[in-house]
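One structure below.
The values are calculated or read from the model by the stated rules, or taken from the named source; none is laboratory data. Since the structure is predicted, the reported quantities are computational estimates derived from the model, not experimental observations. Glycine also receives a Cβ, built like all others from the backbone with ideal geometry; neighbour counts cover every protein chain displayed.
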Amino acid sequence: VDANRGSEAAADVRTADDERPDAVRRLRIVAGYVLLAAVYGLTAFLSLRLALVEDNITPLWPPTGIAVAALLLFGTRWWPGIALGALAVNLPITASPFAAALTAIGNTLAPLLAVWILRRARFRTELDRPRDVVVLLFAALSSMVVSATIGAGTLVLSDEVGADAFWTSWSVWWAGDSMGVLVVAPFLLVVWNRAHHRYPPPRRLEWLELFVVLALLAAVSVFAVTSDASMLFVALPFVGWAAWRFEQSGAAPAALLVSSAATWAAVGHRGPFQGGDLVDRMITLQGFNATVAFTAFFLAALVSERARSREALERGAADLEARVQRRTTELSDANQRLASQIAERRDAESRLRRSERQLAEAHEIARIGAWEWDLATGEVMWSEEMFRIHGVEPGAFEVTFDKAVEFVAEADRPRIRRNTEVALEQRRADVPDIEYRIELPDGGTKHLHARSRFSLTDDGTPVRMFGIVQDVTERHEFEREHRIADTLQRSLLPSSFPEMDGVQVAARYLPAELGVAAGGDWYDVIALGGGRLVLVIGDVAGHGLEAASLMGQLRTAVRAYALEGHAPGAVAARTDALMHEVAEEEMATLLLVALDVEAHAATIVSAGHPPPIALGPGGARLLEAELAPPLGFGQRARFGASSATLETGDMVLLYTDGLIDRHDLAIDEGLGRLLAAADANRDVDPEVLCDRILAAMVSGDVSDDIALLAVCLTPTAPGDLRMRIPAEPDALSQMRRGLARWLDAAGVPADVQGDVVLASSEAAANSIRHAYGPSRAWVEVEATLSSDEVRVVVRDRGRWRAPRGRGGRGLAVIEACMGSVEIERGGSGTEVRMRRPVGTKVAP
Amino acid sequence: VSRLADLVVEEQDGAVVARVSGEIDLSNAGTLERGMLDSVPNTAAGMVVDLTGVSYLDSAGIRMLGEMAERLRWREQRLAVVAPEGSRVRGVLRMAGAQDVVAFEDSFDSALRAVVGGP
């Protein structure tokens, strides 16, 4: 039950009537008055049959109860209905209309006073609190003094009773009204509230049980009031039962029943009321009725209150349980979260371990050593890789700062100390990166790149220094080579040569090993079409990027002028003029050899450059050019051209002075050695020639850049065979068929064909087996025919590798098949040159 | 076996007879060797390799024959090669000094006799 559900002494409720049209509203009010008056009057008429004094005083006056209940429930503004009813009742039984009006005023005022008292006391019409019952008792007993006094006084004044009967009248009147308020009003209130569901809903069979109790009570009451003995108290347990079991719903009818029975007995002098005068009987009846009503309602209110508190307790308990449940759920959730956090942490730890391992491995691969220096203890910690970088076993010695510095190259130590000191002084965490050299126990040197930091406390005091060093030795070396090669290869030197029938070109470039700058040497081969070719070689004085960039410009200029069709002398002159324009301070030598391949004619222009070498069957000779100064030397020079005639198979060799001008050799001596080296290799192809010349001329360090360009005028007679086959065993049969067809077409006898094919296939197979790795590569086969012999060259570009397994048998076959066999193994590949006289069977 | 050479294997008088025709070089020697060796059961007295139909043979082929002879020798089986006198193959074998590693015969019959024994 909602503890607040009871309506505290219903205040005047402004009803919906207020909004209705006045006429309707007034009609309804009047109707209400009339209805209330009718009910009042009818009840009064019935009650008067119990009149004890004259015809107008009864010991139980229900109209007053009705009045109180009505005013409580509907509001005091309904008092006119009460007044009307009271007047109507009193008019016929009172001596004069005045007396009747006076009595009616008393009958109206008393309920109004009772209602006023009740409302002041915050009475609740549900009567479900003991205090309501007490308040009701007080209001009933006190306010009815008004009606009793006015009523009895009027009776006396109008001479309806004698003055001596005033108290008798008064007591009956007071008792009747009080009983009306105490017994009838609660009954009506309970019925009303029950009807409006202001009580807990009835239990199962409650009505039946109530009926049984009331029936028993009625029987007991009848017995009590009809028996001669004073047995009224017998009814009390039943009243108690009704009140206890059904609370207000039981107490109200029980009290009404018993009171009515008692009143009836008192009126009729029955049972307990057989003796005594009127006043005695009234006092007894009043006391009994008041006791019954009070006890019944008080007990009911107690039970209600207890039920409410039990319910509150239960609700509290349920609430508590719900809260415990919720808390438990929260706890278990928290538990679960904790468990998952623990699992996550375990995961994180294993990830951490893994990443630590990966870090160590990464350090090893990247050659990164880590170190840490505790400034307070002076302790230095090196990672394993740190020890390895320093060329010692991990943990080989106790590391200290001084010990670590001992590794550093003497010259770099001040820089390192300074670097650290500056950061320390300035209380900065950042330490600039630094590169330095260390000297290893084995005498080697390494370049290290170091990054480090200080770890500072909040107030900026350094407590720890830590960092990494990376071994960048390789990078240092690599970067240098890379820079040179990259610059030269990409922007300055041709990456390939024009293919031209009858010409074979090879070139070499050797960067100087000292210093880090690219040199200014360059070479170029320009195809002009129509079997004409310009060979270019040049040397810009100086080194470094400036020289390299000028070299690039000159190369482009020479190429552009040559392609425009200028003669070599004009090309040189224009390039010279251009150089005055773009680089006044610089100088460069330049050698141009224009070749007419078919005419075997060479035109040579030299701008201060060493002369080219021609290499033919007759030996090596210098091709002298007209003397002219280097480009950029001075006043516009003239560059005269000289001519030379060459033979098929002749080779022209262009070079820069790095090849012959060496610190340990006079320049003439160098040139002499070059001529001798060329002379010794007149029968090799340009690639091999280049390699051999470099091998003969260059030993140890290259102090100056060397560029070398070799061009061979190859035979162009129709009928020569050139084949290039993939270096794969499956290609061999195809090569054999091609070679056999060519030999057949050339009229070579069948037995010679077989030998040549066999030998060539063996040589090619040898290349395939030995020369290359598994990647794609090629084998070249060239066959030429002269009047008396077949020449076959089998060439590969792979690195020669010692034969695996039984390699000798193939060579035996080749030698058995061919008249002469030369095998040339060079850095650029292997060449097998075979000759077989035609018409002579060589094999045994 | 491969497009360059054909191999036919049969059994005769307890010996395995392999007839090769076509060309033998670096590209197919290994395959041929496996093909031939795989066809020799342990019970066979040996193998006759008939090269009569071979138009080209080089050192790869000779290596192949040498290795076959060696492998068969481990199993105490004999190898005879038919390469008629005057043939191209016979010339190559002689050039390469192959007589040291394998026996070659003029005719199939003599080769078979060399393997299984008899008159």
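Kindly provide the set of residues from segment B:68-87 that are in a strand (DSSP E or B) and among the basic types (Lys, Arg), ordered by number.
Filtering segment B:68-87 down to residues in a strand (DSSP E or B) leaves B:78-82.
Listed by number, the list holds a single entry, B:Arg78.
Farther than 19 Å from A:Phe166 by Cα and either surrounded by fewer than 18 Cβ atoms within 10 Å (Cβ to Cβ) or of a type in the set (Asp, Glu) (or both): which single residue out of A:Ala86, A:Ala121, A:Ala139 fits that description?
After ruling out the rest, the residue left standing is A:Ala121.
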Exercise. Considering segment A:605-631 alone, what residues qualify as being β-branched (Val, Ile, Thr) and crowded, with 24+ Cβ neighbours inside 10 Å?
Worked result: A:Val605
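Quick one: in segment B:102-114, which of the residues that are farther than 16 Å from B:Ser21 by Cα and surrounded by fewer than 17 Cβ atoms within 10 Å (Cβ to Cβ) is farthest from the other protein chains (Cβ to nearest Cβ)? Explain how you work it out, then say what you get.
Going residue by residue through segment B:102-114, those that are farther than 16 Å from B:Ser21 by Cα are B:102-106, B:109-114.
Next, from what is left, pick out any that are surrounded by fewer than 17 Cβ atoms within 10 Å (Cβ to Cβ): B:103, B:106, B:109-110.
Working: B:Ala103: 17, B:Asp106: 19, B:Asp109: 27, B:Ser110: 24 Å.
Of everything passing the filter in segment B:102-114, B:Asp109 is farthest from the other protein chains (Cβ to nearest Cβ).
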Seminar exercise, completed: Going through segment A:349-381 in order, the residues found to be loosely packed, with under 12 Cβ neighbours inside 10 Å and hydrophobic (A, V, I, L, M, F, W, C) are A:Leu352, A:Ile365, A:Ala376
Exercise. Is at least one residue of segment B:56-67 touching a Gly at 6+ places or on another chain (Cβ under 9 Å), within 14 Å of chain A (Cβ to nearest Cβ) and assigned to a strand (DSSP E or B)?
Worked result: yes
Seminar exercise, completed: The number of residues in segment A:578-597 that are in a helix (DSSP H, G or I), among the hydrophobic types (A, V, I, L, M, F, W, C) and over 60 Å from the mean Cα position of the chain (by Cα) is 2
Exercise. Residues in segment B:58-67: is at least one basic (Lys, Arg) and buried (at least 20 other Cβ atoms within 10 Å of the Cβ)?
Worked result: yes
Problem set entry | Residue satisfying condition, being under 15 Å from A:Pro611 (Cβ atoms) and surrounded by 19 or more Cβ atoms within 10 Å (Cβ to Cβ), within set A:Leu689, A:Leu675, A:Leu653 | A:Leu653
Exercise. Can you find even one residue in segment B:80-90 that is within 12 Å of another protein chain (Cβ to nearest Cβ) and either free of Cβ contacts under 8 Å to residues at least 12 places away in the same chain or under 17 Å from B:Asp13 (Cα atoms) (or both)?
Worked result: yes
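Against the definition (surrounded by fewer than 17 Cβ atoms within 10 Å (Cβ to Cβ), touching a helix residue (DSSP H, G or I) at 6+ places or on another chain (Cβ under 9 Å) and over 20 Å from B:Asp6 (Cα atoms)), how does B:Gln99 come out, yes or no?
Details: surrounded by fewer than 17 Cβ atoms within 10 Å (Cβ to Cβ): yes; touching a helix residue (DSSP H, G or I) at 6+ places or on another chain (Cβ under 9 Å): yes; over 20 Å from B:Asp6 (Cα atoms): yes.
Considered against the rule, which asks whether it is surrounded by fewer than 17 Cβ atoms within 10 Å (Cβ to Cβ), touching a helix residue (DSSP H, G or I) at 6+ places or on another chain (Cβ under 9 Å) and over 20 Å from B:Asp6 (Cα atoms), B:Gln99 comes out as yes.
Looking at A:Leu278, is it in contact with a strand residue (DSSP E or B) (Cβ under 8 Å, 6 or more places away or on another chain) and closer than 30 Å to A:Trp173 by Cβ? Reasoning before the result, please.
Numbers: in contact with a strand residue (DSSP E or B) (Cβ under 8 Å, 6 or more places away or on another chain): yes; closer than 30 Å to A:Trp173 by Cβ: yes.
Answer is yes for this residue.
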For this session: Of all residues in segment B:1-44, count the ones that are of a type in the set (Lys, Arg) and within 14 Å of chain A (Cβ to nearest Cβ).
Result: 1
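Within segment B:15-27, can one find any residue that is under 16 Å from A:Ser733 (Cβ atoms) and among the acidic types (Asp, Glu)?
Start the filter on segment B:15-27 by keeping residues that are under 16 Å from A:Ser733 (Cβ atoms), which leaves B:20-27.
Filter once more, so that each one left must be among the acidic types (Asp, Glu): B:23, B:25.
Yes, because at least one residue in segment B:15-27 is under 16 Å from A:Ser733 (Cβ atoms) and among the acidic types (Asp, Glu).
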For this session: Kindly check whether there is at least one residue in segment A:287-295 that is modelled with pLDDT under 90, in a helix (DSSP H, G or I) and within 60 Å of the chain's Cα centre (by Cα).
Result: no
Exercise. Quick one: would you say A:Asp164 is of a type in the set (Asp, Glu), over 27 Å from A:Ile117 (Cβ atoms), at pLDDT below 85 and assigned to a helix (DSSP H, G or I)?
Worked result: yes
Exercise. Of the residues that make up segment A:378-399, is at least one out of contact with any helix residue (DSSP H, G or I) (no Cβ under 8 Å at 6 or more places or on another chain), among the hydroxyl-bearing types (Ser, Thr, Tyr) and without any contact (Cβ under 8 Å) to a residue 40 or more places away in the chain?
Worked result: no
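Can you tell which of A:Glu385, A:Glu364 is more than 30 Å from the chain's Cα centre (by Cα), over 28 Å from A:Thr461 (Cβ atoms), outside any strand (DSSP E or B) and modelled with pLDDT under 85? Steps first, answer last, please.
Values: A:Glu385 fails: modelled with pLDDT under 85.
Only one candidate passes the filter, namely A:Glu364.
Have a look at A:Leu758, A:Leu811 and point out the one that is modelled with pLDDT under 90 and either within 14 Å of another protein chain (Cβ to nearest Cβ) or surrounded by 17 or more Cβ atoms within 10 Å (Cβ to Cβ) (or both). Quick ask: steps written out before the conclusion?
Numbers: A:Leu758 fails: modelled with pLDDT under 90.
Exactly one residue qualifies, and that residue is A:Leu811.
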Exercise. What is the one condition in (1) under 40 Å from the mean Cα position of the chain (by Cα); (2) closer than 22 Å to A:Glu477 by Cβ that A:Asp374 does not satisfy?
Worked result: (2)
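Each row is one residue, and each column tells you yes or no for (1) among the aromatic types (Phe, Trp, Tyr); (2) farther than 18 Å from A:Gln470 by Cα; (3) at pLDDT below 85; (4) in a loop (DSSP other than H, G, I, E, B).
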| residue | (1), (2), (3), (4) |
| --- | --- |
| A:Ala411 | no, yes, no, no |
| A:Pro414 | no, yes, no, no |
| A:Asn419 | no, no, yes, no |
| A:Ala423 | no, yes, yes, no |
| A:Arg428 | no, yes, yes, yes |
| A:Asp442 | no, yes, no, yes |
| A:Lys446 | no, no, no, no |
| A:Arg451 | no, no, no, no |
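For the structure I just gave you, tell me whether A:Ala195 is modelled with pLDDT of 85 or more and surrounded by fewer than 17 Cβ atoms within 10 Å (Cβ to Cβ). Spell out how you get there, then give the answer.
Numbers: modelled with pLDDT of 85 or more: yes; surrounded by fewer than 17 Cβ atoms within 10 Å (Cβ to Cβ): yes.
So A:Ala195 passes the test.
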For this session: For segment A:198-233, name all the residues that are surrounded by fewer than 17 Cβ atoms within 10 Å (Cβ to Cβ) and closer than 13 Å to A:Ala265 by Cβ.
Result: A:Val222, A:Phe223, A:Thr226, A:Ser227, A:Asp228, A:Ala229, A:Ser230, A:Met231
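Based on what the data block shows, is A:Gly640 at pLDDT 85 or above, within 30 Å of A:Val571 (Cα to Cα), in a loop (DSSP other than H, G, I, E, B) and of a type outside the set (Lys, Arg)? Lay out the reasoning, then the answer.
Details: at pLDDT 85 or above: yes; within 30 Å of A:Val571 (Cα to Cα): yes; in a loop (DSSP other than H, G, I, E, B): yes; of a type outside the set (Lys, Arg): yes.
So A:Gly640 fits the description; yes.
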